[in-house]
Each structure stands twice: as C-alpha cells, then as structure tokens.
Amino acid sequence: MNPGVCPAGYYCHYGADTTTTVCCQALGNNPCAEPWTKGEGEAALTRFYYDALQRKCLAFNYFGTKGNQNNFLTRESCEIACPVWVNPCAIGQPTLTSDQHPFRCHQGAPCSSGYYCHIGFDESTTACCPSQGDPCSLIVKEGRGTQSIQRWFYNQKTRQCQPFTYKGMGGNENNFLLREHCESTCPVWVNACPQGEAYLLPTGRPQQCDPANEDSCPETHWCHPGPDSTTTMCCPGRVDPCTRAKSEGEGPLQLTRYYFDASRRQCLQFSFRGIRGNANNFMTKESCEARCPVQVNPCPLTMNSLSNSVTLTPCSGTKQCPETQWCHIGETKDTTVCCPN
C-alpha cells in the first residue's frame, strides 16, 4: 500500500477492482494492531494479515469490501509494515527496539537490568529475555525448536558443568556456550568430605584450609588434606584424629600419608587415594607423632631390631619375655617392654 495516495487520516482500501479501491477513513494509527476481518462481499481475494500473537503475516480470503488496514496485498508488504519476529523467550516478551523488533544483544551490547541475553541458533533468536533468577540454581531446559545445539549447564547435585543439547528457543539462563563460561559463573567443585557437605563460603565454594593448622576451619569442622587446594577443605564432624581408623579414601591417586595406629601406638605409612578420607591422615610422620600419643621405643638402638610395625610387648616381674628377648625396666609401664637380645 502507498499511504501517499490518500490524504492524512485515510488509507487506501484495495478492493476487487477499481470501483472498490478507494480512500477510506483510518480508524486507528497502527494497522498491525487491528484485528483481521474477512469483510463483506462475493469476492475471494488472497490477502495477508498480521497476527500479533504469533507475530507472523498469514494468508486469508478477503470478501472484497468493509475490511480494515490489517489487509495487505503481499506477505512482503505485511512483514515490512509489522514487527514480524520469533519470540525465543521461555516466559514474557523480549526487550524491543523503537521499531518494535527484538533488541539483538551481544558482548558489546548487554541487556538491561532484569533481562539476560538469550543466545539462539542465529541472530533471529538472540534477544534480551526476562531473567528467571540465578543461572546456577535453575534446572536445565532443552527448550523448544528444531535445532540441535551443544551447550553446557550447571548440575547442582554434582556441582559440575555438563553438556546438553539445546533446541534453540525457550531455555533459561543455565545455558552456556562454553564449559569455561559455566565454570567461571557457577561454584564448580568436588566434595572431598567423607560425610556431609564441606563448609561453604558466601560464594558457594568450599572454604580451603591448612592441614597443619586446626584453627583454619570452624570448631565444628576439620581440614581434609587433599592432593591440592581444590580438595583441601573444611569437612564437618571434628573429632580426635588419633581415635579414627585408617581410611584410604576414594580416587585414583596413591599419595604417601601417615596414620596413627592406636593398637600399636605408632605412626605408620599408608597410601591415600585423594578424597573422602578421614582426619587420621597426616602429611608427614612428624606431624602424626606430634599430634598423637605415640609409644616411644625404649630399647637400645644398637640392639633394637623392632620396626614400627611390631607391637612392643609389656613385661614385669610376673610377666616374662620370650627367650629371644629381655625385659627392659623403664620409668613407666609404657617403657617397660620386651627388647630383643
């Protein structure tokens, strides 16, 4: 239609022929906002109207007279006049520009407050959509559409970023182009604790600690000594480490550590697998012996053939040693033991 044909306040009504192609009074300023109507008459003219709900220009049969401005000769003229676009948002409407088309966001053109940049398959489905909250707390949504796009989402249960296939529209903010984007946004970490959850900081990440310093964790927690800083964290259930049994933990590693053997009262070496051990896990033999009540071997060094893995047998005037050993009388019962000949 050529609005210049008719005077202001009128529009050109295109009928079946020249007798019904006349300037009619415009009842509204926006033809795209008017409801479509078949009109009246005997004609069957293929025309196009704008559907505001679908934001599409659709064909219909026009009877020839008494229609309105939402009546276009071609689909192209309809699409030029009206805001034809796809709404990729899961809820609500995207941010619109002055010409009533979606604002195409990108890194250099961010969305306003309360909206996020929905990255679709292409520019036509990339728009500022209403925010649904913290992306790390939203469940993954495959969305709707016909596309198969590899994206990443944050799994709250595993605290890991995992791949998924996105259909192109109707997703949410838990939808990342790259794994790195997901991991830099959400608190990705492995729970190294054998029981319960690690002590979390306001950032949602576990509090790291120093295994040599018990005060580096709250009083209710103990420092789990992982192979690196990502698995060295404050775990719940602080107890005396010297009372716990040895625990190799879980994982693929073979780390040299030391534990206190309460029955032998010695600090012994073992292999730790990396995570989910317990507090009876020391980085060095010296730190183990400084923390736990280790029994001192009182036997003379020149005659001592006992290793730390052998229990020192107590003896007394009424409890004799084997024939190959003799009774060392110490200051206390802990140092009154059988020594080798």
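Computed from the coordinates by the stated procedures, all read-outs in this text should not be read as laboratory data. Because the structure is predicted, anything quoted here is derived from the model rather than measured. Every residue, glycine among them, receives a Cβ derived from its backbone with ideal geometry; neighbour counts consider all protein chains shown.
Quick notes
- In order through the range 16-32: 3J(HN,Hα) via Karplus (6.51 cos²θ - 1.76 cosθ + 1.60), integer Hz, x for Gly, Pro: 6, 8, 5, 6, 10, 9, 9, 7, 10, 5, 7, 8, x, 8, 10, x, 6
- Residues of type aspartates and glutamates that LYS141 reaches as a straight line, Cα spacing below 17 Å, ignoring anything fewer than 8 places off in the same chain: GLU173
- Under the criterion of Cα pairs below 8 Å and six or more residues apart, the relative contact order for the chain equals 7 percent.
- Between amide H atoms placed 1.01 Å from N, distances below 5 Å from GLN325 occur with ASN341, all of them 5 or more places distant or on a separate chain.
- Among the listed pairs LYS157/LYS246; LYS285/LYS333; LYS157/LYS285, those with a Cα-Cα distance over 31 Å are LYS157/LYS285.
- Between the C-alpha center of the range 311-341 and that of the range 34-74 there is a gap of 109 Å.
- Cβ-defined net charge surrounding ALA16, 15 Å radius [Lys, Arg +1; Asp, Glu -1]: 0
- More than 22 angstrom apart: percent of Cα pairs within the range 1-146: 51
- Going from the residue with the fewest nearby Cβ atoms within 10 Å to the one with the most, HIS13, HIS224 rank HIS13, HIS224.
- Disulfide-incompatible cysteines by the Cβ rule (no partner under 4.7 Å) in the chain: CYS12, CYS24
- By the Stokes-Einstein formula, at 1.002 mPa s and 20 °C, the range 187-316 with its Kirkwood radius over alpha-carbon pairs has D equal to 136 µm²/s.
- When P(r) over Cα pairs in 20 Å bins from 0, in percent is calculated for this entry, the matching label among [x] 29, 50, 20, 2; [y] 21, 27, 21, 15, 10, 5, 1; [z] 25, 57, 16, 1, 0 is [y].
- Set of lysines near LYS56 by C-alpha distance (under 19 Å), chain-local residues within fewer than 8 positions excluded: LYS38
- Volume of the Cα convex hull of the range 206-262, divided per residue and given in Å³: 95
- Arranged from fewest to most other beta-carbon atoms within 10 Å of their beta carbon, PHE164, PHE48 become PHE164, PHE48.
- For MET169, MET233, order by how many other beta-carbon atoms lie within 10 Å, fewest first: MET169, MET233
- Here the sum of -39500 (n - 2.57) over DSSP H runs of 4 or more residues, divided by the residues of the chain, equals -1500 deg cm²/dmol at 222 nm, to the nearest 500.
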